[in-house]
């Protein structure tokens, strides 16, 4: 290592030790879930999960036709694939349903929604069977 590269390496280490002008505010101390629920006020328009009349989403079994992507295959041999899934019926319309099979177990946040949820949006025309299992 030359003297100039050793000197520049020392400068980089000194720069890392310096405090940045953009300091983050200190983190809030965590609170317990019962304390959070006692002080929680839901955002306008959102349902509060403390409501005793609020029922969880029903658990459903669905059997449906799924689209198939093929590549370098004779198209005449292809057909929709029959699939099945189980999960929570999150939303339904006359045209489609939304089934969630993986969701956050923590209480909902003020921002709402679950950015890490997984599931299916299924057209009713592709559904062969839909039944509650709870």
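For q = 0.12, 0.16 Å⁻¹, what log10 I(q)/I(0) does segment 49-134 give under the Debye formula with an equal point scatterer on each alpha carbon and no solvent?
Taking Cα atoms of segment 49-134 as identical point scatterers yields -0.48, -0.74.
Would you kindly state how much longer the chain becomes between residue 91 and residue 67 on full extension, computed as 0.36 nm times their sequence separation minus their alpha carbon distance, in nm to one decimal?
Contour length minus Cα-Cα distance gives 6.5 nm.
With an 8 Å cut-off on Cα pairs and a minimum separation of 6 or more residues, tell me the relative contact order of segment 75-134 in percent.
Value for segment 75-134: 28 percent.
Based on the Cβ-Cβ distance of residue 121 and residue 77, what FRET efficiency does E = 1/(1 + (r/R0)^6) give at R0 = 22 Å, to the nearest 0.05?
Rounded to the nearest 0.05, the efficiency is 0.20.
Would you please give the FRET efficiency between residue 104 and residue 132, computed as 1/(1 + (r/R0)^6) with r the Cβ-Cβ distance and R0 = 25 Å, to the nearest 0.05?
Once the sixth-power term is evaluated, E becomes 0.65.
Rule-based calculations on the coordinates, nothing more; no lab input. Computed from a predicted structure; not experimentally measured. For neighbour counting, all protein chains shown are included, and Cβ atoms are generated from backbone atoms with ideal geometry for every residue, glycine included.
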